[in-house]
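To start, the structure itself, in structure tokens.
The values are calculated or read from the model by the stated rules, or taken from the named source; none is laboratory data. Bear in mind that the values here come from a model prediction, so they are computed numbers and not experimental data. Cβ atoms come from the backbone with ideal geometry, glycine included; neighbour counts cover every protein chain shown. With ligands, DNA and RNA removed, areas are computed over all heavy atoms of the protein, side chains included. Shrake-Rupley method; radii C 1.70, N 1.55, O 1.52, S 1.80 Å.
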Amino acid sequence: MPAGGLLPLFSSPAGSGLGGGLGGGLGGGRKGSGPAAFRLTEKFVLLLVFSAFITLCFGAIFFLPDSSKLLSGVLFHSSPALQPPADRKPGPGARAEDAADGRARRGEEGAPGDPAAAVEDNLARIRENHERALREAKETLQKLPEEIQRDILMEKEKVAQDQLSNRVGFKMLPPVDLAPLVGAIDREPADAAIREKREKIKEMMKHAWNNYKRYAWGKNELKPVSKGGHSSSLFGNIQGATIVDALDTLFIMKMKDEFEEAKAWVDENLNFNMNAEVSVFEVNIRFVGGLISAYYLSGEEIFRKKAVELGVKLLPAFHTPSGIPWALLNIKSGIGRNWPWASGGSSILAEFGTLHLEFIHLSYLSGNPIFADKVMNIRTVLNNLEKPQGLYPNYLNPNSGQWAQYHVSVGGLGDSFYEYLLKAWLMSDKTDLQAKKMYFDAIKAIETHLIRKSRNGLTYIAEWKGGLLEHKMGHLTCFAGGMFALGADNAPEGLTQHYLQLGAEIARTCHESYNRTFAKLGPEAFRFDGGVEAIATRQNEKYYILRPEVVETYMYMWRLTHDPKYRKWAWEAVEALEKHCRVKGGYSGLRDVYFHKESYDDVQQSFFLAETLKYLYLIFSDDDLLPLEHWIFNTEAHLLPVLSRDIKKVEVNEK
Ligand code: DMJ
């Protein structure tokens, strides 16, 4: 169709509007030199061509996949602040843009001001944005749904972590209702003989503390024989384990000056901003637990601040496919791994299963559910797993979320996981019914498959290896007497007396393991085979490192039964510690409890101050000091108040 055929439709006698404007410009050179009709036609042809070109350009923009990026590239090119910084990342898609930039920098063709170069630059950007969008879409499509979910979780976690760090840094943690904290301060026992014994235990604490202060202040632990500091790799470069572990013992023993100097050290020196690989479990039970406990007892804000700060540092340990945390974590890089000796690169039940109490409190104290989310996910993973004969193996692979080896123990590698199930239920003011069920189901299976009686009537808890029993019980396992007794009151129908009795029997067996040694302190492990009962037969099981588990069980048994034999047995332990472990520079562990001469290991463990001396002190105190209905002891004997039903609990989002 001839162009002229269309022209009348667009003709404007006044030459106004778009046609007039353009005509005035484009056809200006021919103005007045020919007939008006011809000039007008020329104008309209030009107008048509030009508008077709503009339409094409816009069409190209709007039909490309990422029109918003394109628009910002083309329309807002003059504003560099609007260009996304990610465009600058190296990679195949970045090359075109780099070339354009390079030209601009060199002032070559394509430098600002040159319209052809600007168009080329824009095209390069468009191409690059387009390629990147494709690449991202492809990567996302290649991911498994779980991976995508994990990415989202990690993003969310990062945001929560940043918010928390700001809150800690700017001292904006939410207000906490500290009342009523029952029995944090007590009266002197009425009975003079008991008072005297309690005073003696306080004197032991002074001896341990003063020597630590004199020879190892600020270090993790004391070497009481060589009189220096002792560093444990469990805490990486974090220092001051004894100070943090001792805080609440100092508080309840009313050693006020010592508590104040410990608090000042925490305020000025306790530092987590370092390149350190730590044991997540040990740092949690000693440092996080110690700080939370000190906060609740004293109300001093510095302890809460440090506890939350450390809690945030531990969060990257949970970055595993199953959410079961690594055993070891570099708190600077956030890189985690498991103990090289752990079966199949597994995480350990007693380690990842002993975070629950502290992390629930961290959520409460920070107002952020992230900590509780983490431990509730551990709970969910464990609850959903198939359990061999109802038992929980000690090794779990954090990548597959499956058990790695069928080795079950209520001692080392398993112990405090069971303890934390029971205590999670009690600490929740008996609302966490899942924990209660898991606890009672677990101990039922333990009783069926692991608990045995020796020929002479000593009840013991053996170790289970793929169905075969090893008739050995560890010192660590002795805590279970107290655990059975503590849970007895709420046991399923008709089992209360049974569990109290079981606690008493374990206490008796562990007392026997002490009584059958020269030092009257128990070995690391004792056996019920080869004609022996409650005696260590291997040289490498004969040591005693000031552990608390036996006196811990005496404490619960005393509180729950008031049978005087528990105070008697506790006092025997005090005398043995004084006779065999006390040295001028503090208290030392022994290499062989059967040997008639002390051979010291030269370490005053921080748990001696946190646990052993605290439990002994409580045995010789009235029951109104830290009543068991109001306080939960974490596995390092740090105090966590029961979170009453009235308290608004932090919402937990399960994974
Ligand atoms: C302490 O750190 C804790 O009691 C832990 O649960 C087990 N080991 C030591 C004491 O023996």
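Miscellaneous remarks
- For segment 472-559, the spread of Cα positions along each principal axis, largest first, Å: 44, 27, 17
- Amide H contacts of Leu222 (H built 1.01 Å from N, under 5 Å, at least 5 apart or other chain): His230, Gln604
- Summarising the overall dimensions of segment 503-627 from its C-alpha atoms, the Rg and Dmax are 14.4, 46 angstrom.
- Largest to smallest principal axis extent of the C-alpha atoms in segment 402-451, angstrom: 33, 21, 20
- Per residue value of the accessible surface for segment 342-482 (all protein chains in place, 1.4 Å probe), Å²: 31 Å²
- The share of Cα pairs per 5 Å bin across segment 325-483, counted from zero up to the longest distance, runs 2, 9, 17, 22, 20, 15, 9, 4, 2, 1, 0 percent.
- Segment 389-532: relative contact order in percent, alpha carbon pairs under 8 Å with at least 6 residues between: 20 percent
- Gain in span if fully extended, Lys138 to Ala192, counting 0.36 nm per residue against the direct Cα distance: 11.6 nm
- Volume in Å³ per residue [convex hull over Cα atoms, computed for segment 347-408]: 78 Å³
- Within a straight-line Cα-Cα reach of under 18 Å, Lys374 can be paired with the following lysines, leaving aside sequence neighbours fewer than 8 residues apart in one chain: Lys156, Lys158, Lys313, Lys423, Lys649, Lys655.
- Under Karplus coefficients 6.51, -1.76 and 1.60, residue-wise ³J(HN,Hα) of segment 339-355 in Hz, glycine/proline x: 4, x, 7, 6, 3, x, x, 7, 8, 9, 3, 5, 8, 6, x, 10, 10
- Anisotropy class of segment 278-337 from Cα gyration tensor, a/c 1.5 cut: prolate
- Solvent-accessible area of His449 with every protein chain in place, 1.4 Å probe, in Å² to the nearest 10: 40 Å²
- At 0.692 mPa s and 37 °C, Stokes D of segment 120-216 from Kirkwood alpha-carbon radius, µm² per second: 154 µm²/s
- In this view, the solvent-accessible surface of Lys332, computed with a 1.4 Å probe and all protein chains in place, comes to about 150 Å².
- When Ser599, Ser232 are compared by accessible area at a 1.4 angstrom probe, the order from most to least is Ser599, Ser232.
- The stretch between Thr380 and His630, if pulled fully straight at 0.36 nm per residue, gains 87.3 nm over its current Cα-Cα span.
- Restraint check, Lys542/Lys568; Lys306/Lys520; Lys219/Lys565; Lys213/Lys597, Cα-Cα greater than 31 Å: Lys306/Lys520; Lys219/Lys565
- At most 11 other Cβ within 10 Å, DSSP loop - GluC sites (Glu not before Pro), segment 290-399: Glu386
- Tensor-based shape of segment 185-279 (alpha-carbon gyration tensor, a/c under 1.5 rounded, otherwise prolate or oblate): prolate
- With K and R counted +1 and D and E -1, the other residues having a Cβ less than 11 Å from that of Ile451 yield a net charge of +1.
- Global geometry of segment 440-591, whether rounded, prolate or oblate, following the gyration tensor of its Cα atoms and the 1.5 cut on a/c: oblate
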